[in-house]
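The values are calculated or read from the model by the stated rules, or taken from the named source; none is laboratory data. All values reported here derive from a predicted model rather than from experimental measurement. Every residue, glycine among them, receives a Cβ derived from its backbone with ideal geometry; neighbour counts consider all protein chains shown.
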Amino acid sequence: MQNQTPRLIHSQPNAKGWFGAYGGRFAPETLMGPLLDLEAAFYSALKSEEFKAELQQLLEEFVGRETPLTYASRLTSYCGGAKIYLKREDLTHTGAHKINNALGQILLARRMGKKRIIAETGAGQHGVATATVAARFGMECVIYMGKVDMERQAPNVQRMRLLGAKVVAVVAGTQTLKDAVSEAMRDWVTHVNESYYLLGSALGPHPYPTMVREFQKIIGEETRKQILQKEQRLPDELIACVGGGSNAIGFFYPFLDDPTVALTGVEAGGRSGQLGDHAARFSGGSLGVLQGTQTFILQDQVGQIATTHSVSAGLDYAAVGPEHAWLHDIHRANYTFVRDQEALEAFHLLARIEGIIPALESSHAIAYAIRRARELSPHQLLAVNLSGRGDKDLNTVLEEELKNGHR
Ligand SMILES: *Cc1c(COP(=O)(O)O)cnc(C)c1O
């Protein structure tokens, strides 16, 4: 490996938004022009010193960056293997990494002269981040959310409304995230001149997967600098949970060209390996197109999108971001899964021995890190992205305990 010329993995995607066989721009004719405009505005913003300086200042003063890299000393002793570090996205304003992307995109929306923000949300975390930045910039904000999700995530609906957003209940299909995305796209087609569609993960038609990665890569950039300061070397392995893939790609990206750093994405293994019981796209999925992008998708034999299940709403989606599908193909990243029960155990363990209540999504990454640390030696380093805090999950955790017969 050492003698090979750099592979320059960073040069992806190609000009049309393809990461190998994944990605692209699958959209109705009326959205092709707006997507091209968005792409041009995005690349021009990336080159603007003024844009970058304003984003950096807001990341510091509004989001609270940089977030710490915390040495989890008691978790490390508990496992008895590799040293475990946690990247603390749970400490950002609104409590998860999603604000990094929402902030970057709303600055872009303002630069494009848009006054109205549209977004979809599943668990409500992206909706809350979007409503937050819309309030900060005085923009009209409409959030589409499945009716079933609105009932399950009532406190987030309340938060969005407090922040001045209009939350629209989607009653089509399974009344969950996939249907909310379709409805948000429909709104965009209808009000395309004045509206900006603020997508929440590394998904959708080009340029969204690349744009979301660019706004999330600060997670990995900070981690790289911090671990070099603390340990004078790079970690042996990075671990992150993968829903659509935004926190994981933001964490992994600055390390793609470092062959000694292993990259592991953890999907939701749900209740079982049966289709419908999980959201592990890399073990149960196949190639398809969903909501603008070609990637690994959970579907049945005739291409109907499968229902998915996870105890963590943020990992509960049938498709995975196209850049992850490509990293999987070229064996640069590995993907595994953790089931509901193991994630819940990691949730409780981290709370009790580190004093950190992680999001259920992040608990999947923690659970895998516990397994992995035990296989490695005390000289090795693991860095885990703690994508968010668990306050939002208290009801779910309580219900699961009741189901399992605990008090
Ligand atoms: C939304 C969410 C995720 C999953 O989304 P990605 O795009 O895969 O990062 C993970 N963790 C938290 C805390 C979330 O809110």
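Observations on the model:
Residues checked against (1) free of Cβ contacts under 8 Å to residues at least 12 places away in the same chain; (2) outside any loop (DSSP other than H, G, I, E, B); (3) more than 13 Å from the ligand (Cβ to nearest atom); (4) out of contact with any Ser or Thr (no Cβ under 7 Å at 6 or more places or on another chain):
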{"residue": "His309", "(1), (2), (3), (4)": "no, no, yes, yes"}
{"residue": "Tyr317", "(1), (2), (3), (4)": "no, no, no, no"}
{"residue": "Glu345", "(1), (2), (3), (4)": "no, yes, yes, yes"}
{"residue": "Leu349", "(1), (2), (3), (4)": "no, yes, yes, yes"}
{"residue": "Ile366", "(1), (2), (3), (4)": "no, yes, no, yes"}
{"residue": "Arg371", "(1), (2), (3), (4)": "yes, yes, yes, yes"}
{"residue": "Glu400", "(1), (2), (3), (4)": "no, yes, yes, yes"}
{"residue": "Gly405", "(1), (2), (3), (4)": "yes, no, yes, yes"}
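- Flag for Val133 being closer than 22 Å to Val212 by Cβ, in a helix (DSSP H, G or I), of a type in the set (Val, Ile, Thr) and at pLDDT 95 or above: yes
- Listed by first and then second residue, the pairs with beta-carbon distance under 7 Å, at least 6 apart or on different chains, first residue in the stretch 194-209 and closer than 11 Å to Pro322 by Cα and within 10 Å of the ligand (Cβ to nearest atom), second at pLDDT below 95 and part of a loop (DSSP other than H, G, I, E, B), are Leu203/Gln291.
- Selection of the stretch 378-398 for residues being within 20 Å of the chain's Cα centre (by Cα) and assigned to a strand (DSSP E or B) yields Leu382, Ala383, Val384, Asn385, Leu386, Gly388, Arg389.
- Looking across the stretch 172-183, the residues that are outside any loop (DSSP other than H, G, I, E, B) and either away from the ligand (no atom under 16 Å from the Cβ) or without any contact (Cβ under 8 Å) to a residue 40 or more places away in the chain (or both) come down to Asp179, Ser182, Glu183.
- In the stretch 14-39, the residues that are surrounded by fewer than 13 Cβ atoms within 10 Å (Cβ to Cβ) and either modelled with pLDDT under 95 or within 24 Å of the chain's Cα centre (by Cα) (or both): Asn14, Ala15, Lys16, Pro28, Glu29, Thr30
- Filtered residue count, the stretch 270-284, keeping only those that are surrounded by fewer than 23 Cβ atoms within 10 Å (Cβ to Cβ), closer than 18 Å to Leu177 by Cα and within 19 Å of the chain's Cα centre (by Cα): 0
- Pair list, Cβ under 9 Å, 6 or more apart: the stretch 254-272 residue more than 14 Å from Phe282 (Cα to Cα), other residue among the hydroxyl-bearing types (Ser, Thr, Tyr) and modelled with pLDDT of 95 or more: Pro254/Thr223; Phe255/Thr223
- Every pair of residues 6+ apart whose Cβ atoms lie under 8 Å, when the first sits in the stretch 108-131 and is closer than 25 Å to Asn247 by Cβ and away from the ligand (no atom under 16 Å from the Cβ) while the second is part of a loop (DSSP other than H, G, I, E, B) and not aliphatic (A, V, I, L, M): Arg110/Phe137; Ile118/His191
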